[in-house]
Amino acid sequence: MSNQDLYRSIFAACDCRLINLSGSNLAGSTDTFAGFELANLENTNWERALADRVVFRGANLRNANFTNAILSGSQFEGADVTGADFTDAIVDNAQRRLMCRKAKGVNPVTGVETRESLGC
């Protein structure tokens, strides 16, 4: 299911564990209470997405673009955020600090450093 155009799609309360959406466009999507544990979300676009209380534990978020996304209450424990861009995203402070511990890389689309976008 990779490389899909899922613009403004709804994944509310979705059990999306282990799903492969790599390279997909999820901009403007609504993903409240969804579970993307251990999912492959590499190179995905989440610009302006509403991803409130989403579980991204252990997910591959390499080079994902979360610019202007709402990520309040979402969990990122063990997620790989290398090259991800969180510019102007709303992220809980505890999760931001957690991601800052391992944040590295530059997003290949936006050119923004992951650490800078998280405010590390």
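The values are calculated or read from the model by the stated rules, or taken from the named source; none is laboratory data. Everything quoted here is computed from the prediction, not taken from an experiment. FYI the Cβ positions are ideal-geometry reconstructions off the backbone, even for glycines, and counts take in every protein chain you see. Ligands, DNA and RNA are excluded from the accessible area calculation, which covers all protein heavy atoms including side chains. Shrake-Rupley method; radii C 1.70, N 1.55, O 1.52, S 1.80 Å.
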Among the numbered conditions (1) open to solvent by 60 Å² or more (accessible area, probe 1.4 Å); (2) of a type in the set (A, V, I, L, M); (3) under 26 Å from residue 2 (Cβ atoms), tell me where residue 84 comes up short.
(1)
Within the set of pairs 6 or more residues apart or between chains, which connect a residue that is farther than 20 Å from residue 3 by Cα inside region 55-70 to a residue that is outside any loop (DSSP other than H, G, I, E, B) and not small (Gly, Ala, Ser) with Cβ atoms less than 6 Å apart?
55/75; 57/75; 70/50; 70/90
Kindly indicate the residue of region 5-31 that is outside any loop (DSSP other than H, G, I, E, B) and open to solvent by 60 Å² or more (accessible area, probe 1.4 Å) and also nearest to residue 69 (Cα to Cα) among those meeting that condition.
10
Is it the case, given these coordinates, that residue 84 is under 19 Å from residue 115 (Cβ atoms) and in contact with a strand residue (DSSP E or B) (Cβ under 6 Å, 6 or more places away or on another chain)?
no
What number of residues within region 32-44 satisfy the criterion of being open to solvent by less than 40 Å² (accessible area, probe 1.4 Å) and either touching a residue at least 40 places away in the same chain (Cβ under 8 Å) or under 11 Å from the mean Cα position of the chain (by Cα) (or both)?
4
Being assigned to a loop (DSSP other than H, G, I, E, B), without any contact (Cβ under 8 Å) to a residue 12 or more places away in the chain and farther than 19 Å from residue 24 by Cβ: is that true of residue 78 here?
no
